[in-house]
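Enquirer: Let me begin by handing over the structure; questions about it come next.
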Amino acid sequence: MKSKLFFLLLAVMSLTLIIACSEEVEEAAPQVEVTKDSHDDDDDHDHDEHKDHSTLEEVLERGVLKCGVNDNLTGFGVVTSAGTFEGFDIDYCKAVAAAILGDASKVEYVPLTASARFEALSSEEIDLLIRNTTWTASRDRDLGNDFTATTFYDGQGMMVYADSGYKTIEDMAGATICVLQGTTTELNLDDRFKSAGLDYTPLTFETNDPLQAAFEEKRCDGWTTDKSGLASKRAEFPAAAGGPEALVVLAETLSKEPLGPLTRDNDSEFYDVVQWVVFGLIQAEESGITSSNVAAMAADPKDPGMARLLGVPYGDGKVADFSFGVDPTFIQHAIKAVGNYGEIYERHLTPLGLTRAGSLNAMWTEGGLIYAPPFR
Ligand SMILES: N[C@@H](CCC(=O)N[C@@H](CS)C(=O)NCC(=O)O)C(=O)O
């Protein structure tokens, strides 16, 4: 126990040092969690807390899904001028609400910054986090999260002014780079420059708006984040600052950024529903089921697999029961609400210029990674 106390003290001291000396907020956060988990007495308690109640039951009782989202990233999660949320991630919140509650409007959106998002999930402020979040080993291990299947395969990029002359990262020795705190971006940036022996100065921000202001004032030479985020910010770059044409995204992809939803650890009923909604919308695309034909397909499924996916009998058979604690027609509700994977992509990401064909986000049948295990 004494040695536990020593390590606890050591962890608190190093955390203080990290916060005081650097801006690597994300590295600091897992240490807090690890310290918590290293208490002998609390160890089981922490896990039991999440085992004891099911988020699925809570959502069903509450009648509303609390979804942690981005409110400042066109394409993924943004608030419109009418005050409504929209985007690729937002549609997944809607799909889960439709699957569990039969109504895609029963979502309470909780906007979160990159550095606040994990705490919001573990403290149960939200049920589900869908905020362009990258699946990494340490986030899975230390933060009490479980990642479902990836909904968008991304990678980190670097955006610079077209007239800067920068063509590669190697050209950027000595540059100042704008980056968001609490992101994988911040850590990958450091890996990339350090391993190439390149000096750089990170200029870190809690949110995008002040970051963009700094970039427009040319206080930084490069802006790095997920390539999807760069496409989104470039498309909206104000004419007064030169518009999209003033910017280029370098060809290099610095990292793998598989983005997708997260639930809490040890919450498997809820996790399963979210996971199979993600897969269900992929399978719907593969099976040719869309928001407009789903009712007709449910009335007359083309094959037993389609009947299982939509939770309806095939011929004289019975309805397959996947025992997810929700209505067997849950995927049908999700498809009705937001359409299949391809429809969601088309609606939110194609307009940003994120071409799907030939990318990792193409269907597996077309050489991509978008694949659902069998519904049986
Ligand atoms: N996928 C990365 C980066 C996520 C991230 O926060 N990206 C930025 C830029 S794409 C963002 O969402 N900014 C919106 C904001 O913070 O206002 C991660 O999980 O750490």
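The values are calculated or read from the model by the stated rules, or taken from the named source; none is laboratory data. Small disclaimer: the values here were computed from a predicted structure and weren't measured. Please note: Cβ atoms are built from the backbone with ideal geometry, for glycine as well, and neighbour counts cover all protein chains shown.
Enquirer: May I ask you to verify whether D146 is under 25 Å from S115 (Cβ atoms) and either assigned by TED's automatic domain parsing to the domain that holds P111 or without any contact (Cβ under 8 Å) to a residue 60 or more places away in the chain (or both)?
Expert: Values: under 25 Å from S115 (Cβ atoms): yes; either assigned by TED's automatic domain parsing to the domain that holds P111 or without any contact (Cβ under 8 Å) to a residue 60 or more places away in the chain (or both): yes.
Yes.
Enquirer: Follow-up. Kindly provide the set of residues from segment 214-240 that are more than 13 Å from the ligand (Cβ to nearest atom) and more than 24 Å from G174 (Cα to Cα), ordered by number.
Expert: F237, P238, A239, A240, listed by residue number.
Enquirer: If a residue has to be under 20 Å from S359 (Cβ atoms) and under 17 Å from the mean Cα position of the chain (by Cα) to count, how many in segment 262-291 make the cut?
Expert: 4
Enquirer: Further question on the same structure: Could you identify the single residue in T168, T148 that is over 30 Å from E245 (Cβ atoms) and either of a type in the set (V, I, T) or touching a Pro at 6+ places or on another chain (Cβ under 6 Å) (or both)? Please lay out each step first, then the result.
Expert: Details: T168 fails: over 30 Å from E245 (Cβ atoms).
Answer to the check: T148.
Enquirer: To continue, here is another question. Assess whether P261 counts as being within 16 Å of the ligand (Cβ to nearest atom) and free of Cβ contacts under 8 Å to residues at least 12 places away in the same chain.
Expert: Working: within 16 Å of the ligand (Cβ to nearest atom): yes; free of Cβ contacts under 8 Å to residues at least 12 places away in the same chain: no.
So P261 does not fit the description; no.
Enquirer: Could you run through segment 118-145 and say how many residues are in a strand (DSSP E or B) and either at pLDDT below 95 or within 13 Å of the ligand (Cβ to nearest atom) (or both)?
Expert: Count: 3.
Enquirer: Any residue in segment 328-345 that's of a type in the set (K, R): show its pairings with residues that are part of a helix (DSSP H, G or I) and crowded, with 24+ Cβ neighbours inside 10 Å at Cβ separation under 8 Å, as long as the two are six or more apart or on different chains.
Expert: These pairs meet every condition: K336/A98.
Enquirer: Inside segment 182-212, can you point out the residues that are away from the ligand (no atom under 12 Å from the Cβ) and either of a type in the set (S, T, N, Q) or part of a helix (DSSP H, G or I) (or both)?
Expert: Once the filter is applied, which keeps residues that are away from the ligand (no atom under 12 Å from the Cβ) and either of a type in the set (S, T, N, Q) or part of a helix (DSSP H, G or I) (or both), segment 182-212 yields D190, D191, R192, F193, K194, S195, T201.
Enquirer: Next up: Six or more apart or on different chains, Cβ atoms under 7 Å: show the pairs whose first residue is in segment 185-196 and in contact (Cβ under 8 Å) with a residue 40 or more places away in the chain and among the charged types (D, E, K, R) and whose second is in a helix (DSSP H, G or I) and buried (at least 19 other Cβ atoms within 10 Å of the Cβ).
Expert: Going by the 7 Å Cβ cut-off, the qualifying pairs are E186/E26; R192/I169.
Enquirer: OK, next. With the condition being acidic (D, E) and modelled with pLDDT under 95, I'd like the helices (runs of 4 or more DSSP H) fully within segment 1-117 carrying at least 3 qualifying residues.
Expert: Helices (runs of 4 or more DSSP H) meeting the threshold: 25-37, 40-52.
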